[in-house]
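Enquirer: Can you keep this structure in mind? I'll have questions shortly.
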């Protein structure tokens, strides 16, 4: 079998760019070079570049999704997307690859759009037996009455952008006076905002991969932030959180989280490996969000969950590639 030319897409145009590069470096190291030729592509706006061994930046030809290194033209057979945020988690890259006839590792365009937008995602999973926090949607340009938010959602409450990741733009609000500033902070990440009731409890996360051959619901991780909630520092800075896999929950709660994870995956039409986050309050899990392209860096949750069941990152991506790869049209 000929090797597959893989474009490993990283970077992007969101606040999560550096995490994307960390994920890409880890995955690149794990991939089987006897099966794949891997080219790390830095996506930054309209500039898509590959850094050659000689240190030369070479632009990807977007007309046919190819790369010319010296006298060799490399046609990419497959895209492994590790862009957290735009354009990897909001469907833009998937739309381009669909037009190019190139298969890829993540959820498809529609699923990616749904999972990236926190309001659309809540609507998609509402009828699937998943518990949801109460929310109020704040569109771009809306005048906000802080007292109304407090009356309907209580205090504390959470203000978050509808389209963002890694908890960028998320604020835990303790009094009504903080709401305007929290909304302004969220709008730095996306124009539309969600206000949600704050659910105090244990935060857990469950990775899942469903292929044509097999279903993998990974061990649940318990997240113990040393801050108010699992924000960017708690997620990525050493010492700001403790992550315990498997989570310290009883078998009944574990079964409910696993079932809700499956339901969310299927309701959103997911593909590849995703991570679903919940808060467990009084034994009841409440859905938080889907991460359609979860982090794969050294501190990320999914690789740790996979390792607990003896699955390496390379084996995980072998399964994803086998399940999603089709010869280029």
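Enquirer: Between the stretch 15-76 and the stretch 105-143, what is the separation of their alpha carbon centroids in Å?
Expert: Each part reduced to its Cα centre gives a spacing of 31 Å.
Enquirer: Need one number: % antiparallel among DSSP beta bridges in the stretch 4-105, to the nearest 5.
Expert: Here the antiparallel bridges make up roughly 45 percent for the stretch 4-105.
Enquirer: What value does the chain have for Rg/Rh, both radii from Cα atoms and Rh as Kirkwood defines it?
Expert: Over the Cα atoms of the chain, Rg/Rh equals 0.98.
Enquirer: Does the stretch 256-329 classify as rounded, prolate or oblate by the C-alpha gyration tensor (a ≥ b ≥ c root eigenvalues; a/c under 1.5 gives rounded; else a/b over b/c gives prolate, otherwise oblate)?
Expert: Note, shape of the stretch 256-329 comes out oblate.
Enquirer: Return 135, 84 ranked ascending by Cβ neighbour count within 10 Å, so the fewest neighbours appear first.
Expert: Sorted ascending by nearby Cβ count, the order is 135, 84.
Enquirer: Let me ask something else about it. Between residue 200 and residue 29, what's the calculated FRET efficiency when r is the beta-carbon distance and R0 is 35 Å? Round to 0.05.
Expert: After rounding, the FRET efficiency stands at 0.35.
Enquirer: Against the globular-protein guess of 2.2 N^0.38 Å, express the Cα radius of gyration of the stretch 135-197 as a ratio, rounded to two decimals.
Expert: The value comes to 0.96.
Enquirer: Give me the Kirkwood hydrodynamic radius of the stretch 1-108, using the inverse of the mean 1/r over all pairs of distinct Cα atoms, in Å to one decimal.
Expert: 13.9
Enquirer: Mind checking the angle between helix 251-267 and the chain's longest principal axis? C-alpha axes, 0 to 90 degrees, to the nearest 10.
Expert: Approximately 60 degrees, to the nearest ten.
Enquirer: Pick from 44, 71, 292: which residue has the top mean-square fluctuation in a GNM of the chain where Cα pairs under 10 Å get a spring?
Expert: Between 44, 71, 292, it is 71 that shows the largest mean-square fluctuation.
Enquirer: I'd like the antiparallel share, as a percent to the nearest 5, of DSSP beta bridges with both residues in the chain.
Expert: Here the share of antiparallel DSSP bridges comes out near 75 percent.
Enquirer: Can you tell me which of 116, 76, 287 moves the most in a GNM of the chain? Springs connect C-alpha atoms under 10 Å apart.
Expert: 76
Enquirer: Taking the Cα atoms of the stretch 62-111, report the difference between the largest and smallest coordinate on each principal axis, in whole Å and largest first.
Expert: Cα spread of the stretch 62-111 along its principal axes, largest to smallest: 38, 20, 16 Å.
Enquirer: Identify the residues of the stretch 135-169 with backbone N under 20 Å of a label point that sits 7 angstrom from the Cα of residue 176 along the Cα-to-Cβ direction, or state none.
Expert: What the label zone holds, given the 20 Å backbone N cut-off, is 135-139, 142-160.
Enquirer: Residue 66 to residue 266: FRET efficiency via 1/(1 + (r/R0)^6), r the Cβ-Cβ distance, R0 45 Å, to the nearest 0.05?
Expert: With a Förster radius of 45 Å, E is 0.80.
Enquirer: Run the helix sum for the chain: -39,500 (n - 2.57) per DSSP H stretch of 4+ residues, divided by residue count, reported at 222 nm to the nearest 500 deg cm²/dmol.
Expert: Only helices count here, giving -8500 deg cm²/dmol.
Enquirer: What distance in nm lies between label points placed 7 Å from Cα along the C-beta direction at residue 13 and residue 151?
Expert: It is 4.1 nm.
Enquirer: Counting other C-beta atoms within 10 Å, which of 157, 313, 209 has the fewest, and how do the rest follow?
Expert: So the ranking, lowest neighbour count to highest, is 313, 209, 157.
Enquirer: Right, something else. Only Cα pairs within less than 10 Å get springs; with that Gaussian network setup on the chain, which residue of 142, 32, 13 has the largest fluctuation?
Expert: Its mean-square fluctuation being the largest, the pick is 142.
Enquirer: Calculate the FRET efficiency for residue 188 and residue 123 from the Cβ-Cβ distance with a Förster distance of 30 Å, rounded to the nearest 0.05.
Expert: It comes to 0.80.
Bear in mind these aren't lab numbers, they're just calculated from the coordinates by the rules spelled out. The structure displayed is predicted, hence computed values, not measured ones. Ideal geometry is used to build each Cβ from the backbone, glycine not excepted, and the neighbour counts take in all protein chains shown.
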